[in-house]
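The structure appears below as structure tokens.
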Amino acid sequence: MPTVAPQFLRSRIGKVCVPIIGATPAEMLEKASAVVKETPFLEFRLDYLEKPLLALPKLKHFLGENTAVTAIATCRRAANGGKFAGPLAAEMEILSKAATSGFHIVDLELESAESLKKGELQKLRETGVALIVSHHDFTATKDLDTIFKRIEPFQPDFIKIVPTAKTLTDNVTLMRFIERMDNHSNIVGVCMGDAGIISRVLGLRAGSAFTFAAATAGEETAPGQIAARTLIETYRIDQVDAATKVYGVAGNPIRSSLSPIMMNTAFRRETVNAVYLALQANKLSDLLKLVHEIPIQGLSVTMPLKQEIMAHLEKTDPLSAKIGACNTVLRQDGKLYGFNTDVAGITGPIEKRMALRGAKALVLGAGGAARAAVFGMRDKGAEVFILNRTAETAQKLAKQSGSKTIKKEAVAKTTFDVIVNATPIGMTGIKGAPILEAVDLNTKLVFDLVYNPLETPLLRLARQQSIPIITGIEMFVQQGARQFEIFTGKPAPEEEMLRVVIHALRQQAESATETSALTAKTKKPPERSSSIKNRSQKN
Ligand code: NAP
């Protein structure tokens, strides 16, 4: 089978390469056949196979049948995140045979390349296959120029440098490095880790020749890898260019946040040239540096940064100042301005159903979300009662906001217009006794800010008593919709935002059910458990 001359490769490779994994050749080919319908640039991870050499005839047949595919053969060693543990000679035999089996590119690790005897690499190159020399660092983003200088003498067709982002600004280090190498259009760079998502989305804009994405969620071959469909459809990386404005949601942890899917969908729907990223912020200082370096035009701010960021804002709206927390930051002329859309996310849905002026409201909790509920409803003229596990926090909030506290025993004897749950009770994965029982629900409306699951035990209780309810999803979408308007000045596509968030939550619930069924069957934790277990509620 003729290989494609390296000089023609650039025009045939896509921007997204999808690693194909599988314990058997049949499993690999099944996955490859599915992926190729959407992405024809594949990396076959031969190290996942017990006997890679025996699989090559089948892979050759597949490549012969699928001529639109561009294929990389990789035999990743354990030290670099793979499964191959054989000697260097065996690795070279596999890669050389792959080169004559229709693979267009082979990936050779820098450590292997450096261990080869003189002439051995030349033999591989004489097959006509294109060469990637790759380097992985699972600890940090450092010494990129030194690594480059080590790879360069091998004169590969692609230089692949994959460090790990420990901070958000590590992405900037990698992207600046790629930009500096603009006469080397053959660099492939991406940061691993949750903090590295920025480089997976913006790396191409910085000049990376291509990037990697998982076949599906759960089939990641490197930490922080995003599913190909998400990268292409949600992040629209094909369209990210120099003019694309960058926004993001910052918090810790942030990987399970639904804000990227919601906001990117809204940007796409309204044809806004913008992308919205999940920013794993371990430190506020790291986030602020990133905001100015990229630059980032606007932020959704979530736990635990909502209060801490206040000191770094040029100005905030009056409610953010009263509450002492801000969930939305807009960057204008290099300065940061703060807003609180959590408030509108709570008062907006209630006011669609009843007037808050003169209404009697009960708020459960006295944390961040409760503060937004209490101040928001007070601002609209409601009389507010607060019930919290820690009485002193409730008393403090009541004093600050001109509200009252209430004891649990008094709730059943009191009639309210609306009850708002602003505690995590009812949320998937959170343990804790329900705060209210059926006798306590003497109210015209129940609003549970918890949105995962879609129907919480409190909402079920209310529904059983025919009390109208508002789900936490409505708050989530409303606070996001107001952010979208602050960011873009355009009305938000609320229905589309709601649809996509509900769809994502249902998918999460389904895969959680599948995982627990699998766990029960095998009595062993499944491989995908870490990503699923960590999915909680995050905006
Ligand atoms: P937070 O600042 O940590 O406050 C949590 C509050 O819940 C505190 O008042 C705490 O009481 C109380 N609490 C925690 N565990 C409890 C338990 N086991 N029993 C009774 N009370 C308990 O959290 P937050 O940011 O306000 O968020 C609260 C919830 O609101 C989140 O879990 C989330 O579900 C929801 N939320 C939803 C949205 C949305 O868009 N829909 C947005 C933000 C938040 P103590 O004072 O005694 O610790």
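The values are calculated or read from the model by the stated rules, or taken from the named source; none is laboratory data. Just so you know, these numbers come straight off a predicted model, no measurement behind them. Note: ideal-geometry Cβ built from the backbone for every residue, glycine included; neighbour counts use all protein chains shown. Surface areas here come from the heavy atoms of the whole protein model, side chains and all, with no ligands, DNA or RNA. Shrake-Rupley method; radii C 1.70, N 1.55, O 1.52, S 1.80 Å.
Residues that are part of a helix (DSSP H, G or I) and buried (at least 20 other Cβ atoms within 10 Å of the Cβ) within the range 197-255 comprise I197, I198, S199, R200, V201, L202, G203, L204, A206, A228, L231, T234, listed in sequence order.
Considering only the range 126-138, state which residues are outside any strand (DSSP E or B) and either of a type in the set (K, R) or open to solvent by less than 50 Å² (accessible area, probe 1.4 Å) (or both). Matches in the range 126-138: T127, G128, V129, D137.
Just to be sure before I move on: is V446 in contact with a helix residue (DSSP H, G or I) (Cβ under 8 Å, 6 or more places away or on another chain) and touching a residue at least 40 places away in the same chain (Cβ under 8 Å) in the structure I sent? For V446, the condition - in contact with a helix residue (DSSP H, G or I) (Cβ under 8 Å, 6 or more places away or on another chain) and touching a residue at least 40 places away in the same chain (Cβ under 8 Å) - is not met. Within the range 90-100, not a single residue is β-branched (V, I, T) and closer than 25 Å to I237 by Cα. Among the residues of the range 317-344, the ones that are of a type in the set (D, E) and more than 19 Å from V420 (Cβ to Cβ) come to 2 in all. For the range 464-482, the criterion of being among the basic types (K, R), over 15 Å from L258 (Cα atoms) and in contact with a helix residue (DSSP H, G or I) (Cβ under 7 Å, 6 or more places away or on another chain) is satisfied by at least one residue.
When restricted to residues that are open to solvent by 60 Å² or more (accessible area, probe 1.4 Å) and in a helix (DSSP H, G or I), the range 35-44 contains 0.
In the range 94-125, of all residues being in contact with a Leu (Cβ under 7 Å, 6 or more places away or on another chain) and not hydrophobic (A, V, I, L, M, F, W, C), the one that is surrounded by the fewest Cβ atoms within 10 Å (Cβ to Cβ) corresponds to S115. Could we say that T141 is polar (S, T, N, Q) and surrounded by fewer than 18 Cβ atoms within 10 Å (Cβ to Cβ) here? Criteria not met by T141. If you take the residues in the range 289-324 that are within 16 Å of the ligand (Cβ to nearest atom), assigned to a helix (DSSP H, G or I) and over 17 Å from A370 (Cα atoms), which one is most open to solvent (accessible area, probe 1.4 Å)? This residue is E308. Filtering the range 344-356 to residues that are open to solvent by less than 10 Å² (accessible area, probe 1.4 Å) and within 16 Å of the ligand (Cβ to nearest atom) leaves G345, I346, T347, P349, I350.
Just to be sure, is A512 more than 16 Å from the ligand (Cβ to nearest atom), under 23 Å from the mean Cα position of the chain (by Cα), surrounded by fewer than 20 Cβ atoms within 10 Å (Cβ to Cβ) and touching a residue at least 12 places away in the same chain (Cβ under 8 Å)? The answer is yes for A512.
Taken over the range 357-385, the criterion of being surrounded by fewer than 19 Cβ atoms within 10 Å (Cβ to Cβ), among the basic types (K, R) and within 10 Å of the ligand (Cβ to nearest atom) is satisfied by no residue. Highlighted here are the helices (runs of 4 or more DSSP H) found entirely within the range 386-489 that include at least 2 residues which are within 9 Å of the ligand (Cβ to nearest atom), out of contact with any Leu (no Cβ under 8 Å at 6 or more places or on another chain) and open to solvent by 30 Å² or more (accessible area, probe 1.4 Å): 391-401.
Need pairs with beta-carbon distance below 8 Å; first residue at negative phi and assigned to a loop (DSSP other than H, G, I, E, B) and within the range 94-117, second at pLDDT 95 or above and of a type in the set (D, E, K, R); sequence gap 6+ or separate chains. Cβ pairs passing all conditions: S101/K60. Residues in the range 164-179 that are open to solvent by 50 Å² or more (accessible area, probe 1.4 Å) and under 23 Å from S11 (Cα atoms): E179 alone. Confirm whether S199 is within 20 Å of T70 (Cβ to Cβ) and not basic (K, R). When the stated conditions are applied, S199 does not pass them.
Would you mind stating whether T164 is within 20 Å of P295 (Cα to Cα) and in contact (Cβ under 8 Å) with a residue 24 or more places away in the chain? Considered against the rule, which asks whether it is within 20 Å of P295 (Cα to Cα) and in contact (Cβ under 8 Å) with a residue 24 or more places away in the chain, T164 comes out as no.
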